[in-house]
2 protein chains.
Amino acid sequence: MNTMKGTEFASIREILHPRSVAILGASKDNKKWGGRLLQYMTRHRHDGKLYPINPKGGQLMGEQAYPSLAECPAEIDMAVLVLPSHHVLSAMEACARKKVRSVIILSSGFSETGEKGAALERQIMDLARASGIRVLGPNCMGVLNTQHRLAATTAITMGYVDELPVGSIGMVSQSGALMGAMLARGIDVGAGFSTMVSLGNQNDIDQNDILEYLIDDPATQVITMYIEAVKEADRFVCLLKKARQQDKPVLAVKSGRSASGGKAVMSHTASLAGAWPAFEAVCRANGVVLFDDVYDMLEGAMVLNGGARMAGPNIAVFSGSGGGGALIADSLEEAGLALPQLGDATRQKLSALIAGSEISLPIDFAAMKPGVPADPTFTSPIAAIVGNTMADANVNGGIVYLSTLPYMEEVALAAIEVAQAYKKPLIVVYGASSVGEKARQILKDGRQGFVNNQAGAIKILQALWNCARMPAPDADAADPATPQAPIAGSGFLPESESRKILEAYRIPTSPWRLAGSPDEVIAAWKDLGSVAVVVKAVSATLVHKSDVGAVRLNLKNEESLRQACLSIEQALQLAGHRLDGFLVSTMIKTDAELIVGIQRDPVFGPLVMVGAGGILVELLKDVQLCPAPINIKQAEAMLERLRCKPMLDGWRGAAPVDKRKLAMLLVQVGSLAHEQKHLEELDINPLIISDGDIYAVDARIIMAGREP
Amino acid sequence: MNTMKGTEFASIREILHPRSVAILGASKDNKKWGGRLLQYMTRHRHDGKLYPINPKGGQLMGEQAYPSLAECPAEIDMAVLVLPSHHVLSAMEACARKKVRSVIILSSGFSETGEKGAALERQIMDLARASGIRVLGPNCMGVLNTQHRLAATTAITMGYVDELPVGSIGMVSQSGALMGAMLARGIDVGAGFSTMVSLGNQNDIDQNDILEYLIDDPATQVITMYIEAVKEADRFVCLLKKARQQDKPVLAVKSGRSASGGKAVMSHTASLAGAWPAFEAVCRANGVVLFDDVYDMLEGAMVLNGGARMAGPNIAVFSGSGGGGALIADSLEEAGLALPQLGDATRQKLSALIAGSEISLPIDFAAMKPGVPADPTFTSPIAAIVGNTMADANVNGGIVYLSTLPYMEEVALAAIEVAQAYKKPLIVVYGASSVGEKARQILKDGRQGFVNNQAGAIKILQALWNCARMPAPDADAADPATPQAPIAGSGFLPESESRKILEAYRIPTSPWRLAGSPDEVIAAWKDLGSVAVVVKAVSATLVHKSDVGAVRLNLKNEESLRQACLSIEQALQLAGHRLDGFLVSTMIKTDAELIVGIQRDPVFGPLVMVGAGGILVELLKDVQLCPAPINIKQAEAMLERLRCKPMLDGWRGAAPVDKRKLAMLLVQVGSLAHEQKHLEELDINPLIISDGDIYAVDARIIMAGREP
């Protein structure tokens, strides 16, 4: 579809900065979309020229209208189509004749409604491509470019504001309504936007095009995205890397997280790594701050747009109410954040401002001493309290709970002053309702923003910290010692093959031998040191060995080994599988079990996976994913984020695991995933932790295709 | 402290309905608290008489002031003290001389500030008790009683509203500021209050007093509480039961949930059942709807006050935006709620209103068909969409996401209409910012309320459902077959004693014998059927048997049994413990492990506990608690709520557990907890699930005291 995009086509920048715009379907009735659009565009008067097109011609909202595009005397850079869907094709033909460069189709009734609409959309887009017209939409809410004063959008918020909310937050959205809701909210809390784009059906201009524009746009400092699906994942990931290089934060909300749950599964790993987990892992690895609510995302964008960055999980809490502060403190820990100890110097400074024998967080403004002398660093005692606390090196962020107080305005001013001074995230929880209207206006005018409840503040700080603590991938991620020839074979590989591949990538396995007969099993056992061993069937046709009784554990003498071989033979015969031999491996004492593996996501490619193993797999669903290849820091961060981390730290009297070795194993798995393009899935289950060491004791590899 | 409370003292009802009120510390300066209070009380003019007391006398805000209480010509029912703390004692003396019935002390500077303040508070309260004066406070924000038009509160919201928010939501709060914040929010969203009380230091009138008043108050239909600690837990629980009997919902927010984390622990169970879990269990068992945010609690109260009740977890989602609906759907499942299938009849009705081949949730208003004929049951097509959906028997509640749309007012009106018609919780997520001001006003005027984000709506529905699904305790909770004599002994009981007690309460244990010598161990093994057995040391001094090697598993023959006995003897000698004999028990094959036990909370008494066992104890922290005794329905509900529930349902090829038997075991544990008043702790760890059956294979009981 994109093959026809070439230099002869308009660039995205050109489309978002048209010198002349025609509105096809313009109306004087602002109950109609064509009237609303004209109203918004005239009200916010863009920098270029405007030509309403309406069969009746005449004056529309003070603008000269033309009966048809052909009759319009000027060259038209862009046409905005706000017509019933059955008029769109002929309008496009008119655009083609007029040599219009780009078109925004606001109309709906196309592929989103079914096959009939899709056919019409195809006709329209074929015409557009043949005519060299770039198209945004159809079925979108258009574009707001505050830099160029272009309000080519049907977002009704444009009808309620006199001034465009100019600023440097960019947005690209797969939902027009959510873009509109964010715009309205942004205006209420003092956010400023550079460019907002509603994508619609993305038949030509797509999410990546706009993302790239926003990364390159000097007016945009922070990028927000509402995403339903990712097309061209490679380009998406490249763009995320580019944004990170330019220190331009990307924030995203994605819907459809729950859809992944219902898919059929082939293995434990597959059951845990659906579409959303892969998206999440890719975003996390590439520095995207993820939210599940667009309003929280907006507030997060305001924080980052103000230049604040989060260097740790320690949050100071301020409140005019002991109860309000306590409730926030209660919720912090559950979110992986903490209420820090303040340093001695900070406490000393605060004790001049606050009554009480021991100064600690959360801080209650109600304990403020009366008649405190002015501190030249700050404009008010409240600002001095908040500022001295936020300046503490132990504090990485803050929450100010603003409830109904006599000094609400002072709290609002203090929050703005301190947030700007220290560049640490400081979120105001606005809980004063209409009573605090003046304070709310101060927060808006100061472009400080706010959220309406403690949960929002905590989620935003959690999202910022989750993102900040994730190391970036780097060029030398893959382990240079490992490059291997491509693996031959297709489908399920036998365990012995899988073990050989692991060994080639220096992934430690339990000692093992292959044996063709019970006698060879005995010999292998002796060769392994006559220790307790496991005997498993080797069979090209058998995938789930345990299910048919083809695995025998803890065998310590010849008799039990022979018995085991016999029973395995019988079990395979019964289940109708061919027995190709036996795999004899040393029994490893289990202190804890992990699962480690590779998943190849159809969109995002190979991901390294590590999680709690054994019975915890299903109950804990405690899995970390990261796109391959990964470096050692990424591997360590994955381990750090496991909920089963206590198992690694010397749990229940066991030795702590060699974390460096375990992280290195993940790096090596990442190299394997990265190099072996035809590997579909690797499942090391379990990876046993034993006396601090690690052993893959079972491994399953699935290669792509039926033929090698 | 409460011994002096008698009939000669004023009742709480009398205190909240005074005929005459004096304000000590009244001022004409409404920047001072004494001025604010006078302003609020005159503005909202209570039904009784008002007497400002100020040394200068004269007119204050249009009221005749008196230089002293003594000079006030009338009888005074209540005095409100808004004076510096060092003037409060002499003011109380004046009140005593004037024979004032009750006093609200708004002043702070008492026990909340340290020992000096506490001493002053004691003096004041001694005087109050000696004089028969009931006291609310000190250090509180007073009382709002809209029925009696009594605004004896310094909540600054009173200065911003012209009309009292009359209604039937009651509140009792241990934080004045949070009460004030809820009041302000309530006014913004259309909530109405009956009585709100800020408790302060609760030196006389306490939380239970006000709770009881609100339960008895005919003007109150729903009770909200902000709690920091519970005093007199027995009375608290009795009151909760009384409220439930009268179908008067109680909603609560408690702070200090995280404080329990740091406590030292004696066992797994103790580490999991701190103060918050006990409070939560008691509230849950007694029908309290729990929140972690006062604003969410307020919205929950509005829903319940409107008569809606939640009979299941199935939520319909409505939105004017596909994206907004999808995001809400994504979050529902994580909260234990679900998006149901609509019935055929509903879908048929909706297909007349909504375009699209298949009608399913979430519903997007944007798909509404134009020009739909009027449905006489509803006032608008939007109301018909929402109403027909909410009427579906599969739907237990709803969320309407109101974003910026041309028809916002219609959506708001539809929500009000349908919420009133079906008495199912229908929460509006108001996401239209100032753009939707008219719709917001409609929601307020319709007393529908709203929340500001999807997370709030989901938390409220989750809280309502969590509460609704918990069966009530009943009179015949204890198992009638179990009454037993009091257990003798103190401190740790040996396992053999603990097992006998379990058996007396018909709790199944693994078959076992006591043996005094290795020979007797062999005999016991034979007596148990020569199956694989476990041998453990019996020792009065040894608590953690596994730690010293005093437990040997899976012994199958004489030789290994003798060896085990020898090694146990040596281990105990080495550890310095006396060996009193051996406990031989049948080895039980483990399909899954639970822990079951009893915790005696210092505040709330004995609680039955069940949770995931084995390595899951620490990682999953998956525990359900319920105050003892419990009935079979409560036991079943506890099992239903376990995250490890898949383990019970026939997991990994194992037989499903006999749920009735397991629930009955919990009932029997509850009887044991209830009857044995000196039992401090019972720990059945593990309770093994084996082929669908259950066996306590280790048990530890701790009795109170050093002496029997």
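Read-outs throughout are calculated quantities, based only on the coordinates presented, and are distinct from any laboratory measurement. Bear in mind that the values here come from a model prediction, so they are computed numbers and not experimental data. Methodologically, a virtual Cβ is constructed for each residue, glycine included, from the backbone with ideal geometry; neighbour enumeration extends over all protein chains shown.
Quick notes on this one:
- Projecting the Cα atoms of A:L164, A:N145, A:N54 onto the dipole axis of segment A:52-179, where Lys and Arg carry +1 and Asp and Glu carry -1 at the beta carbon, places A:N54 farthest toward the positive end.
- Dipole in debye (nearest 20) - segment B:199-254, about Cα centre, beta carbon charges: Lys, Arg +1; Asp, Glu -1: 300 debye
- Segment B:S496-B:E358, extension gain: residue separation times 0.36 nm, minus the distance between their alpha carbons: 43.3 nm
- Protection proxy ranking of B:623-636, B:176-189 - average other beta-carbon atoms within 10 Å, highest first: B:176-189, B:623-636
- Restriction of the trypsin sites (Lys or Arg not before Pro) in segment A:491-595 to DSSP coil positions whose beta-carbon has at most 12 other beta-carbons within 10 angstrom yields A:R578, A:K589.
- Set of aspartates and glutamates with alpha-carbon distance to B:K49 below 18 Å, sequence-local pairs under 8 removed: B:E14, B:E63, B:E71, B:E75, B:D77
- Percent of C-alpha pairs per 5 Å bin, segment A:592-703, short to long: 2, 13, 24, 26, 20, 9, 3, 1, 0
- Residue-averaged 222 nm ellipticity for chain B, from DSSP H runs of 4+ at -39500 (n - 2.57), nearest 500: -10500 deg cm²/dmol
- By the Cα gyration tensor, segment A:511-586 has an equivalent ellipsoid whose semi-axes, rounded to whole angstrom, run 20, 11, 10 from largest to smallest.
- With a 10 Å cut-off around each Cβ of A:295-302, the average count of Cβ atoms from other chains is 1.
- Options A:V596, A:G576, A:N631, ranked by Cα towards positive dipole end of segment A:548-653, top entry (Cβ charges): A:N631
- Given R0 = 60 Å, the distance between the Cβ atoms of B:L127 and B:Q441 translates into a calculated FRET efficiency of 0.75.
- In range of the label at B:S567: residues from segment B:512-541 whose backbone nitrogen is under 15 Å from the point 7 Å along Cα→Cβ: B:533-537
- Compactness of the protein assembly as shown as Cα Rg over 2.2 N^0.38 Å, two decimals: 1.03
- Phi angles across segment A:240-248 convert, under the Karplus curve 6.51 cos²θ - 1.76 cosθ + 1.60 with θ = phi - 60°, into 3J(HN,Hα) values of 4, 5, 5, 4, 5, 4, 8, 6, 10 Hz, Gly and Pro given as x.
- Spin-label model distance (nm) - A:Q245 vs B:T541, 7 Å beyond Cα toward Cβ: 7.2 nm
- Residues whose amide H comes within less than 5 Å of that of B:D698, counting only those at least five positions distant or on another chain, are B:N685 (H built at 1.01 Å from N in the peptide plane).
- The alpha carbons of chain A give a radius of gyration and a Dmax of 31.1, 102 Å, in that order.
- Distance between the pseudo-spin-label points of A:R578 and A:K231 (7 Å out from Cα toward the beta carbon): 4.7 nm.
- Taking N as the residue count of segment A:2-296, its C-alpha radius of gyration divided by 2.2 N^0.38 Å amounts to 1.01.
- Averaged over A:453-465, number of beta-carbon atoms from partner chains that fall within 10 Å: 2
- For segment B:293-309, the Karplus equation 6.51 cos²θ - 1.76 cosθ + 1.60, evaluated at θ = phi - 60°, returns couplings of 8, 5, 6, 4, 4, 4, 5, x, 5, 5, 4, 5, 5, x, x, 6, 9 Hz by residue, with Gly and Pro reported as x.
- Rounded to 5, the percent of DSSP beta bridges in segment A:2-296 classed as antiparallel: 20 percent
- Partners of B:K645 within straight-line reach, counting lysines whose Cα lies under 24 Å from its Cα and excluding those fewer than 8 residues away in the same chain: A:K263, A:K621, A:K645, B:K459, B:K589, B:K621, B:K633, B:K659, B:K661.
- Cα lying deepest toward the dipole's positive end in segment A:651-692, options A:A673, A:N685, A:A663, charges on Cβ: A:A663
- On the basis of the beta-carbon distance and an R0 of 56 Å, B:N557 and A:A338 show a calculated FRET efficiency of 0.55.
- Rh (Kirkwood; distinct C-alpha pairs) - segment B:308-468, Å: 15.3 Å
- Each Lys and Arg adds +1 at its Cβ and each Asp and Glu adds -1 at its Cβ; summed about the Cα centre, the protein assembly as shown shows a dipole of about 2100 debye.
- Annotation: amide H of A:I595 within the under-5 Å range of A:G611, A:A612, A:G613, A:L687, sequence separation 5 or more or interchain, hydrogens built in the peptide plane.
- Peptide A:425-436 is shielded by partner chain Cβ atoms: per residue, an average of 5 of them sit within 10 Å of its Cβ.
- Nearest-0.05 FRET efficiency for A:E112 and A:A421, computed from C-beta distance (R0 51 Å): 0.60
- In terms of the mean number of neighbouring beta-carbon atoms within 10 Å, the peptides A:657-664, B:666-673, B:143-150 order highest first as B:666-673, B:143-150, A:657-664.
- Remark: segment B:511-586 carries a charge dipole of roughly 160 debye about the Cα centre, counting +1 on each Lys and Arg Cβ and -1 on each Asp and Glu Cβ.
- Rough spin-label spacing in nm, given labels placed 7 Å along Cα→Cβ, for A:E93 and A:A366: 7.4 nm
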